[in-house]
Amino acid sequence: MNDEKKVNSLEPEHIPSTGTGSKLETTPIPEAGLEDTNPAAPIATETLEAMDAIVQQLDADGSLSSPVEPAPRTGEVAPPIAVEPVFVKKHQSFFEERPLPEIEMAPRIIRYRTRRDVLAFGIGAAAAAASAGVLLPQATLGRMGVRQDVNSRGKEWLLNKALRIDDDVGEALYSRNRMVPIYTKSQITTIKNNYNGATPDPGYISGWNLTLDGLASGLRVSLDIRKLMNRFPIHEQITRLVCVEGWSAIAWWAGLRFDDLLRAFPPIPQAKWARIESTVNLDASGNPDPYFVSIDLATARHPQTLLVTHLSGQALTVEHGAPLRLLVPIKLGLKNVKAVTRITYSAEEPGDYWARYGYSSYDGI
């Protein structure tokens, strides 16, 4: 009887203490009688299994841990758990290279487009060659074996138009506020005597005058060097002169501003151009060869455009255009006329010494 009591009931002393002073209370299992249809042993067994699960939850320090899911009973099948896949969209940087899309194309279409592209390229190349042939000089075509004269009236116009594109861009970018660099005296270099032709004999200086034509007054004005220097303030600047031949030099210039001359002797209202001329210029053989260039009045009014009277603190010498020369730092050297004797204003662009040989007439830098 005592043994049966020990089996069918759980005394508190059989359960270890939790360390908190509390005891686990259990419900006594009723004894099985002869009239019981269900034996008591299975009930006791289930109770022991439940108690074992509780005991296993105790930590090593004697405290209860968080509840755990009970293991499935023997003979029971745990229901399957449906797991849905989770797709995480990867963030793609704006500048990250993206994969090229795959494009499927029928071979027939590829062959058709390839033939079409080859034909188009061939036609374009032939047209370009024919156009180039039309523009080449006849002597060049003759050396290539082309005997037929392919000169056309539009050839010269087209070439001149292509040459003028650079001038158009230069005029569009012009700004009165855009200055060329200014240097120091320690940076001055030697400037060459680069006359177009022979250097004139200095005998012309004694009778030199500057003639102004195309004035709003309708008069022709003649000024000698003394009148120019006494009437207008002298400005100095150290700038670079750039020659079309590929050399350049930094020089210390002094003279009156072209803009001051325009204000004192205004041109006709419709004037947009100025023809600057040197009638004392000579060719390489020493014969008279007037040199003339055209500049737009916007360039003439640029604050760095001078009518120079001095170089390196001294009056100009004959080699450098005494007694007055044009200095336009924003133009190539061929525009910087030496020994200026006449300025004529006009509404239409005048002729230019080098433009008649096919060179540009704007010559900006």
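Restricting to DSSP loop positions (anything but H, G, I, E, B) with no more than 14 other Cβ atoms inside 10 Å of their own Cβ, which GluC sites (Glu not before Pro) remain in the range 236-277?
Passing sites in the range 236-277 are Glu245.
If you count only protein heavy atoms and use a 1.4 Å probe, how large is the accessible surface of Arg342, to the nearest 10 Å²?
Probe radius 1.4 Å; accessible area of Arg342 about 70 Å².
Using packing as a proxy for protection, rank 186-193, 308-315 so that the peptide with the highest average count of other Cβ atoms within 10 Å comes first.
Top of the packing list down: 308-315, 186-193.
For Val118, Val337, give me the order by solvent-accessible area with a 1.4 Å probe, most accessible first, ignoring ligands, DNA and RNA.
These residues rank, largest area first, as Val118, Val337.
Could you report the accessible area of Arg98 in Å², rounded to 10, computed with a 1.4 Å probe on the protein chains as they sit in the structure?
Near enough 120 Å² of accessible area.
Decide, for the range 202-320, between rounded, prolate and oblate: order the square roots of the alpha carbon gyration tensor eigenvalues as a ≥ b ≥ c, take rounded if a/c falls under 1.5, and otherwise choose prolate if a/b is larger than b/c, else oblate. Please list the in-between numbers first.
Values: a/c = 1.36, a/b = 1.20, b/c = 1.13.
Here the range 202-320 falls in the rounded category.
Pull out a ≥ b ≥ c, the square roots of the eigenvalues of the alpha-carbon gyration tensor of the range 261-316, then state rounded if a/c is under 1.5, prolate if not and a/b is larger than b/c, and oblate in the remaining case.
oblate
Taking all protein chains as present, what is the carbon and sulfur share of the accessible area of the range 230-365, in % to the nearest whole number, probe 1.4 Å? Spell out each step's value before the answer.
Numbers: 2650 of 5230 Å².
Answer for the range 230-365 is 51 percent, counting heavy atoms of protein chains only.
Can you list the residues, at least 5 places off or on another chain, whose amide H is less than 5 Å from the amide H of Asn281, using H built in the peptide plane?
Asp289, Tyr291
The values are calculated or read from the model by the stated rules, or taken from the named source; none is laboratory data. A quick note: this is a predicted structure, and the numbers were derived from the prediction, not measured. Don't worry about glycine lacking a Cβ; one is built from the backbone with ideal geometry, like all the others, and counts go over all protein chains shown. All accessible areas refer to the heavy atoms of the entire protein, side chains included, with ligands and DNA or RNA removed. Shrake-Rupley method; radii C 1.70, N 1.55, O 1.52, S 1.80 Å.
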